[in-house]
Amino acid sequence: MTDQPQPMEGTPLIAPSSTDHPLYENVVEACRTVYDPEIPVNIYELGLIYTIDITSDNAVDIKMSLTAPGCPVAGEMPGWVADAVEPLAGVKQVNVELVWEPPWGMDMMSDEARLELGFM
């Protein structure tokens, strides 16, 4: 038996993104311009962007993780993401939150990232 709180049955570990919002694709493209300095793949394809939530008044909340808690740019990367998204036309404000649950794993990478890194 574990002391860790368990998600309610049916509750996803990663909240769904606002994929139907008109700004969603532009926000994804902005996230694709941010790279982990140690890995030659953008953070979106690495699977580090967990949730992109865009409100009806165009405020963008992003939940992201890192490949490891000890990542040397842990304190900087959320700012890089915010700096990439904030200039987009229509975006009211951006909040980027670093989360550690669920922990990032290589299975979260896109096929493109796996191919780039030689895992396929």
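The values are calculated or read from the model by the stated rules, or taken from the named source; none is laboratory data. Nothing here was measured: the structure is a model prediction, and the numbers come from that model. In this analysis, Cβ positions are derived from the backbone assuming ideal geometry, glycine residues included, and neighbour counts consider all displayed protein chains.
If you go through the stretch 1-34 one residue at a time, how many are closer than 17 Å to Val91 by Cβ and modelled with pLDDT under 65?
Filtering the stretch 1-34 down to residues closer than 17 Å to Val91 by Cβ leaves 17-34.
Then drop every residue that is not modelled with pLDDT under 65, which leaves none.
Qualifying residue count, the stretch 1-34: 0.
Scanning the stretch 91-120 for residues that are surrounded by fewer than 13 Cβ atoms within 10 Å (Cβ to Cβ), among the hydrophobic types (A, V, I, L, M, F, W, C) and within 18 Å of Leu13 (Cα to Cα) yields Trp100, Met106.
Report yes if Thr51 is at pLDDT below 90, under 27 Å from Asp111 (Cβ atoms), buried (at least 16 other Cβ atoms within 10 Å of the Cβ) and within 13 Å of the chain's Cα centre (by Cα), otherwise no.
Details: at pLDDT below 90: no; under 27 Å from Asp111 (Cβ atoms): yes; buried (at least 16 other Cβ atoms within 10 Å of the Cβ): yes; within 13 Å of the chain's Cα centre (by Cα): yes.
Judged against the criteria, Thr51 is not a match.
Total residues in the stretch 31-43 satisfying the condition of being touching a residue at least 24 places away in the same chain (Cβ under 8 Å), part of a loop (DSSP other than H, G, I, E, B) and either crowded, with 18+ Cβ neighbours inside 10 Å or touching a strand residue (DSSP E or B) at 6+ places or on another chain (Cβ under 9 Å) (or both): the figure is 5.
Ser18 meets the conditions (1) outside any loop (DSSP other than H, G, I, E, B); (2) free of Cβ contacts under 8 Å to residues at least 60 places away in the same chain in every case but one. The failed one is (1). Among the conditions (1) of a type in the set (A, V, I, L, M, F, W, C); (2) touching a residue at least 40 places away in the same chain (Cβ under 8 Å); (3) surrounded by fewer than 16 Cβ atoms within 10 Å (Cβ to Cβ), Leu23 misses just one, which is (3). Taking the criterion of being free of Cβ contacts under 8 Å to residues at least 40 places away in the same chain and not in a strand (DSSP E or B), the residues of the stretch 45-66 that qualify are Thr55, Ser56, Asp57, Asn58, Ser65, Leu66. Scanning the stretch 98-115 finds one or more residues that are at pLDDT below 95 and assigned to a strand (DSSP E or B).
Select from the stretch 72-97 the residues that are part of a helix (DSSP H, G or I) and out of contact with any Leu (no Cβ under 6 Å at 6 or more places or on another chain) and list them in ascending order. Within the stretch 72-97, Met77, Gly79, Trp80, Val81, Ala82, Asp83, Ala84, Val85 qualify. Right, Pro69: at pLDDT 95 or above, surrounded by fewer than 17 Cβ atoms within 10 Å (Cβ to Cβ) and assigned to a loop (DSSP other than H, G, I, E, B) or not? So Pro69 does not fit the description; no.
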